[in-house]
Structures are given as structure tokens and as C-alpha cells.
1. For the stretch 282-297 and the stretch 423-449, what is the separation of their Cα centres, given in Å?
2. Modelling each spin label as a point 7 Å along the Cα-to-Cβ direction, I'd like the residue 484/residue 107 distance in nm, to one decimal.
3. Using Cα atoms only, what is the angle between the long axis of helix 294-314 and the major principal axis of the chain, expressed in degrees (0 to 90) to the nearest 10?
4. Report the full-extension gain for the segment residue 275 to residue 292: residue separation times 0.36 nm, less the Cα-Cα distance, to one decimal in nm.
5. State the label only: which of [x] 25.8; [y] 30.1; [z] 22.8 corresponds to mean projected area of the Cα convex hull in nm² computed from the shown model?
6. Output the lone cysteines of the chain: those with no second cysteine's C-beta under 4.7 Å from their C-beta.
7. What are the ³J(HN,Hα) couplings of the stretch 223-237, residue after residue, when phi is run through the Karplus curve with 6.51, -1.76, 1.60 and θ = phi - 60°? Round to Hz, x for glycine and proline.
8. Would you mind putting 158-167, 260-269, 94-103 in packing order, based on average other-beta-carbon counts within 10 Å, highest first?
Amino acid sequence: MKLLIQQKKLLFKILNIAFIALFVSIIYSLGSNKSKGQMMQFNAISEGNYSSGSDNNPFPNADYPFLHKDNTPNSLKPFFIQGDGSGKPDIVVILLESMGKAYSGKDAYLGSFTPFMDSLADHSLYWENCLSGGGRTFAALPSIFGSLPFCKEGYLEEGDNAPLSNSLIKILGCNGYTSSFYYGSEASFDKMDIYLKQQGANVKLEKSAFPSGYALLPPNGGGFSWGYGDMELFKRYFELFSEIKSPRLDIILTVANHAPFLLANQDYYIQKVKNRMDKINTTPKHREFLGQYMNQLSTIMYTDEALQQFFNEYSKKPSFKNTIFIITGDHRMPEIEVSTQIDRFHVPLIIYSPMLNKAANFKSVVTHFDITPALLKLFNSNFGVSSPAWVHWIGTGLDTDPNYTCTKKVALMRNKTQLFDYLDGMNFLSMNDKLYVLETDLDIEEIHDQAKHDKLQGEFDEFKKNNAQVMKIGRLAPDSLLKCK
């Protein structure tokens, strides 16, 4: 009996020691993980599990201020046919250098110099009032594909030190897509190549990779050429086309609409501009104004013609019927005088596809930040593409209201040193601390309302604070949301 009691005491002592050791081990583990962004609090989420596990696991705003549950409305679903399971659709995103709404679209206030794009819009989903994320190319890729904040001087400028993030590129890659980038100039411009590599895209074509037989755009006075014209870019794109299998995401960035705005056959396109002026019935004063920008307008008409050739060629591909095309300007051309502070960001947005079941025109205000959230929601419902339940998108999806409305709250960055534009619904805070109200067709009028001004300024300051926090933490979401299954 005495021996049995001693054995029980010994067993209890061993269990007690084991419990203490386990407790110390857990405390040590928790403490050691604080230096790793306190990731222990997220271990309820299976790594990269995009379909479950995160809905009931709230994230601390202090660490991830832009992270939120994905409640993007599936606004594009009514316009697309349901996938039949035969394969995920291809996506082609065409970013047109300096293509602004001021000179593209049937109601363009300078008159439209893009007749093909206008005709394509009649068979597409077309947003009259789309805003680019920035006033230069540096903002295009992060805004359109990552719905990202700007960090200090634009997300791309951070290069290898950019905060870890998700993107349309990365998520589609997790779903079997191959993403490729095609550009007539150097992909290292604005460190685009670093971002693309981080997200899993291949730089398939850039200035240094064009073979002999392709002609560069005419050089400026110093002998420098930005690269290859849009027709040359599209021609080479189709030569490389068969090297990539479906499903694919192709990103094409043009360069012809860039200073010094020179073309090999400039006189031909200048004459096209003059003919277009006659057709759109310009007044003598209007014609005099446009006459200052003949080179700029000639490159716009060149790009429009190149785009027509692109679609003529693509329509011959068997995959054409299963492809979604997205066309937008990376920003508005600043070399043509802007009419308002917000005009700098006003660009056309077209989604065209043989998979559309109807065309539609929308007057609601949308932004480049809204494209990725809207596409992923559509692809999740119609084509079986999985995506995270929690996201860091700045955008809220593409509004398909045919009426002129704005529900967006978003900051816009003119260039890498100018973050002073903020939109909240129909109110717009801009340069020199001025407050405007949005009027028809994204026209604006200055107003004096201190309460509204202070409200927007407070929201803008909060965005800037969160922007700085992202740089401090070095990521926009925990690791479990930034990896594939």
C-alpha cells in the first residue's frame, strides 16, 4: 500500500514538471513570435486558405489598417455568361499611355480622337467617369492590379522594400494563370519590373528584347527614343502569343503617347487629326486651341488605329471567344492643358468580351483601384477562381449604376511628391487645400463648407497615417493571406 502511494506521488510530480515545462515552452514561443509580427494570433487560418477560416477571425487594425473582409458586390456578374467549366477565361489588360477622357469618348469635351475605341465602347461595359490612381505611369500597375496605397513616393518606388501584398496577378497565379508583361519601353522604368516579379509575372517583352527589323519611335533632340510604337508592340505580341498557354493574364502597356510625341509618319496622322476636327464640328476658337497640340493628338489617333489592328488580329485567335479585354488610360496626358484639378485623373475604362451577354454604359464614378476587386468577385462566382476572404484592397468594386453617382472614398497621387487629392463621394479635396463638389461629367466647382472640409481632411489624414503604418509593418496582410494553398 505504501509503495502504491509513493508511485502515485512520483507520477503526480512527473506530470507537474511536464506541465510546467509545457507552459514555459508556450510562453517562450509567444514571446519569440512578437518579433515576427505576432503571427501566433492568426494561426486559426490555414496557410493560404482562401475559402474558409478567416471570416470569424478579426484582424487588428493597428497592424493591418487596410485589411478588411471582402464584401465587394458582384456588380459584373449580370453582364457575363456563366462559365461552363471548360476553362477559365483569358484576360488581356491594355494600358494606353496618357489616354485621357478629355479626348476619348463620344462626349469628350475636347472632341474624341479615338473613333475605334468609341465604336468598341458601344459593344462593351463602358465607364464614362473613371479616375486613375495617379497622374503618371508609376501609379498604374499598383492601382489596377493591387488596389494598393502609395507608401511614401508611390508603391513601385519602394522596389525590393515594398510592403508584401496581394494582387490580381498573384491570386490568378494561385489559380493556374500565367501572367506576362509586354511593353515598348524598358520595364525597369519606375521599377515596374521589380513589382511584376514580386507578384509572379514575367516580363515577356520590353525595349531591349525586340529583335531586328523593328523600328524605334523617332528620337527627341538629344537622340533618345522611349521605345517602340504601339503597332510594333502589338505585332511582336502576336509573334510571341503561342508561347503562353491558357489561362493567361496578359498586361500590355503602350508608349507612343509620350513626349516628345513623334511618329515616323507624323504628317499622315496630323492630317487624320484635321479630318477628325472637321467631323466633330469644332468651332474656330476650339480649333485654335487644339492646334497647339497637333503632335499629341496625332499620337492618340495612331494609338487608336493600332488598337483597331490589335482587335482585328486577336479576333482570329481560337481563344478570342473566351477572353476578357480591359482597356484604360494609365493617366490623362498632362501636356494637353487640363480643365480642372480632377481632370488630370479622368480616363476611359472599357471592358469588352465575346462573353458579355449585353453592353452597358455607366455614369457612376469608379477608379483604377476598383478593377481587381470587381474582377476577382466575378471570377470567383462564374469561373471557379478562389480568392482571399480578407483583403487589403483600397477599391470597392466597379459601380454599375447608370446614373451619375459617386460613393468612393479614395486618395489620388499626382506624382511621386504630390499626395494632396482626396475624394469622398461628391466632394473633392485638392491643391491649395481647396474643397470642390463634383458636378456633371466630373466637372467640379469650388465650395466653402468648413464642416465638409474638416471631414475630408480628417479622412485624408487617416489615410496618410495608415499609409505610413504599412511601411513600418512591411506588409498589408499576414503571411497566411499572402500565399497560395
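Rule-based calculations on the coordinates, nothing more; no lab input. Being a predicted model, the structure only gives us computed values, none of them experimental. With ideal geometry, Cβ positions are generated from the backbone for all residues, glycine too; neighbour counts draw on all protein chains shown.
1. 28 Å
2. My value for the distance between the label points is 4.4 nm.
3. Here the helix axis deviates by roughly 60 degrees.
4. Full-extension gain reported as 4.5 nm.
5. [y]
6. Lone cysteines by the Cβ rule: 130, 151, 406.
7. 3J(HN,Hα) across the stretch 223-237, in whole Hz: x, 9, 10, 5, x, 9, x, 5, 5, 5, 4, 5, 4, 5, 4.
8. On the way: 158-167: 18.5, 260-269: 15.8, 94-103: 25.2.
Packing proxy ranking, top to bottom: 94-103, 158-167, 260-269.
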